[in-house]
1. Residue 61 versus residue 214, label points 7 Å from Cα toward the beta carbon: distance in nm?
2. With a 10 Å Cβ neighbour count serving as the proxy for reagent exposure, in which order, fewest first, do 261, 304, 309 appear?
3. Over the range 156-243, what is the relative contact order in whole percent, taking alpha-carbon pairs under 8 Å and six or more residues apart?
4. For the residues 65, 285, what sequence is obtained by ranking on other C-beta atoms within 10 Å, fewest first?
5. Place a +1 charge on the Cβ of each Lys and Arg in the range 156-243 and a -1 charge on the Cβ of each Asp and Glu, then give the dipole magnitude about the Cα centre in debye, rounded to the nearest 20.
6. As a quick test, which of the pairs 107/167; 167/225; 12/167; 73/167 have an alpha carbon distance above 24 angstrom in this structure?
7. In whole angstrom, how long is each semi-axis of the equivalent ellipsoid of the range 253-325, when you take the square root of 5 times every eigenvalue of its Cα gyration tensor and sort them from largest down?
8. Would you kindly derive the ³J(HN,Hα) couplings of the range 259-264 from the backbone phi angles with the Karplus curve 6.51 cos²θ - 1.76 cosθ + 1.60 (θ = phi - 60°), listing them in order in whole Hz, with x for Gly and Pro?
Amino acid sequence: MEEKRITMAFEKSLDLMRLAEMAAARHKGVCLVEVSAEFGVNLRTAQRMIRGLEAAFPSVEFSTDQDRRRWWKLSDTRILGMQGIRDGELEALDMSIRRAQREGATKDVSTLISLRDRLLATMPSSHARRAEVDAEAMLEAQGYACRPGPRVQVEPHILGAIAVAIKAPFSLTIAYRGASDAAALDRVVEPYGMLLGIRQYLIARDLGNERAFRRFRLDRITSAKITGQSFARDPDFELDAYAAQSFGSYHSDAEYHPVIWRFAPRAAAAAREFSFHPNQVVTEDPGGGLTVAFTASGWVEMVWHLYKWGDQVEVIAPVELRDMVRGHQRGDVGVLP
């Protein structure tokens, strides 16, 4: 019941922002009839929505036309510009690009891609990445994209609760099972984001552990409930920077070291196509090879990836990682990643 009430409150908030967009974007503003048609409500409800618009945006002005209809106009649009791209809007744009591609409308394709890039360029990188992830998820759900390969299954209702809590933001009560087979223990956390991969992780502040940021494996979360208690996000926290501490999803302070890989000339062209790490430094070797350097942790995940390159990659540093791959680099791997 509580989650349903919270969801309804979110929907009303989104309707109010959409109404503000209409009042700002249209030359005359909006009238009650247009509000009723846009949101599928009766005129009495449309009146309540207009009163909500006036309460939330004191700068709203109204005028009356010759037919004695009243129009509400929002001129101060600064707060609307802070929204970025909503969930579903980037997905709709991507869908339009794919339809244009299928229909051979090359001019429309290039124009829509240009619009998409310009919209994303105006957003902070973390917001733009989240919008792209949401769009990919929607395309996947509608059958226009898929994620091949193995991955750990996560209960949809747990993902749903986490998604709502991150966007609000609200704290969560999660039942989390540790590495052992011990029973899951309740933890109250403040969610900040997710890491996606073979295993998915929730990045959250653990309120019972000195408010430290932790990574919680989603497959070990047996339940997740929204508390309804909002919290102020740490303005200094950046999900991209936090994720960059690791090569994949796993992080260990003890393994956080500079990493250097040297790819043989035969593998250099394929290696150039990869972004192994957001902060990597790539150097062209005189003999045609390629050296990649970055700082991160997670040696086991690095080993899993390095195995795909066979004997076409050499680990220069750290020594511990070099020892882990020694003797396991095959020369008969015929296809590079």
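Since every read-out is calculated from the coordinates, none of them should be taken as a lab result. Given the structure is predicted, the values throughout are model-derived calculations rather than measurements. All Cβ positions, even for glycine, are placed from backbone atoms using ideal geometry, and neighbour counts span all protein chains on display.
1. Placing both labels 7 Å beyond Cα along the Cβ direction yields 5.5 nm.
2. With the sparsest Cβ surroundings first, the list reads 304, 309, 261.
3. Computed over the range 156-243, the figure is 32 percent.
4. With the fewest neighbours first, 65, 285 line up as 65, 285.
5. Dipole of the range 156-243, to the nearest 20 debye: 240 debye.
6. Numbers: 107/167 36 Å; 167/225 14 Å; 12/167 15 Å; 73/167 29 Å.
Over 24 Å Cα-Cα: 107/167; 73/167.
7. In descending order, the three semi-axes are 19, 13, 11 Å.
8. Computed from phi, the couplings for the range 259-264 are 10, 9, 10, 10, 9, 5 Hz.
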